[in-house]
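Working notes, structure below.
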Amino acid sequence: MTDTHVVSALKTKRIEIASQIEDYREKTRLAVIALDHVEASLRLFDPDVDKGQLAQRKEWVAVERLAARLRSRRPRLAARLGARRVHTLALRTVRRSRMSTGHARPPTADRSSPKTA
């Protein structure tokens, strides 16, 4: 037999934590927007700014956006996988497709282009 006090307390705690997560996501989204503005201003004043640092941040933003898209479009799957596995999946996908840097995929045996004679 379930203890209704425990179940009720756990449900309340779950709602509280879920609300905190949504708040953090919104704060992260606003921080990314602010960072985009600062980087755009930085490029205006210093066109030779270190592109490596900006590329690392772009990878992080791409991972976060992809993870958020998965959570919003497939919430049951995301809940079943858990936050860490969703983030890992998004990171692997971004790195595999090179979305963050815009570079072409490295040639591999299974993705080789047909040879032209």
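It is to be established whether one or more residues within segment 1-17 are more than 21 Å from SER97 (Cα to Cα), at pLDDT below 85 and hydrophobic (A, V, I, L, M, F, W, C).
The answer is yes, given that some residue of segment 1-17 is more than 21 Å from SER97 (Cα to Cα), at pLDDT below 85 and hydrophobic (A, V, I, L, M, F, W, C).
Is it the case, given these coordinates, that LEU35 is assigned to a helix (DSSP H, G or I), surrounded by fewer than 10 Cβ atoms within 10 Å (Cβ to Cβ) and not assigned by TED's automatic domain parsing to the domain that holds VAL63?
Answer is no for this residue.
Would you be able to say whether some residue in segment 27-50 is on the phi < 0 side of the Ramachandran plot, under 16 Å from the mean Cα position of the chain (by Cα), modelled with pLDDT of 80 or more and of a type in the set (Gly, Ala, Ser)?
Yes, because at least one residue in segment 27-50 is on the phi < 0 side of the Ramachandran plot, under 16 Å from the mean Cα position of the chain (by Cα), modelled with pLDDT of 80 or more and of a type in the set (Gly, Ala, Ser).
Based on what the data block shows, is ALA109 at pLDDT 85 or above, aliphatic (A, V, I, L, M) and either farther than 24 Å from ALA31 by Cα or surrounded by 12 or more Cβ atoms within 10 Å (Cβ to Cβ) (or both)?
For ALA109, the condition - at pLDDT 85 or above, aliphatic (A, V, I, L, M) and either farther than 24 Å from ALA31 by Cα or surrounded by 12 or more Cβ atoms within 10 Å (Cβ to Cβ) (or both) - is not met.
Among the residues that make up segment 71-78, is at least one of them surrounded by 10 or more Cβ atoms within 10 Å (Cβ to Cβ), polar (S, T, N, Q) and either assigned by TED's automatic domain parsing to the domain that holds ARG95 or at pLDDT below 85 (or both)?
Scanning segment 71-78 turns up no residue that is surrounded by 10 or more Cβ atoms within 10 Å (Cβ to Cβ), polar (S, T, N, Q) and either assigned by TED's automatic domain parsing to the domain that holds ARG95 or at pLDDT below 85 (or both).
For segment 57-70, what are the residues that are modelled with pLDDT of 85 or more and more than 8 Å from the chain's Cα centre (by Cα)?
Listed by number, the residues that qualify are ARG69, LEU70.
How do the pairs read when you match residues in segment 40-63 that are outside any helix (DSSP H, G or I) with residues anywhere that are modelled with pLDDT of 80 or more, using Cβ under 7 Å and keeping only pairs 6 or more apart or on different chains?
The qualifying pairs are VAL49/LEU42; VAL49/ARG43.
The values are calculated or read from the model by the stated rules, or taken from the named source; none is laboratory data. Small disclaimer: the values here were computed from a predicted structure and weren't measured. Glycine also receives a Cβ, built like all others from the backbone with ideal geometry; neighbour counts cover every protein chain displayed.
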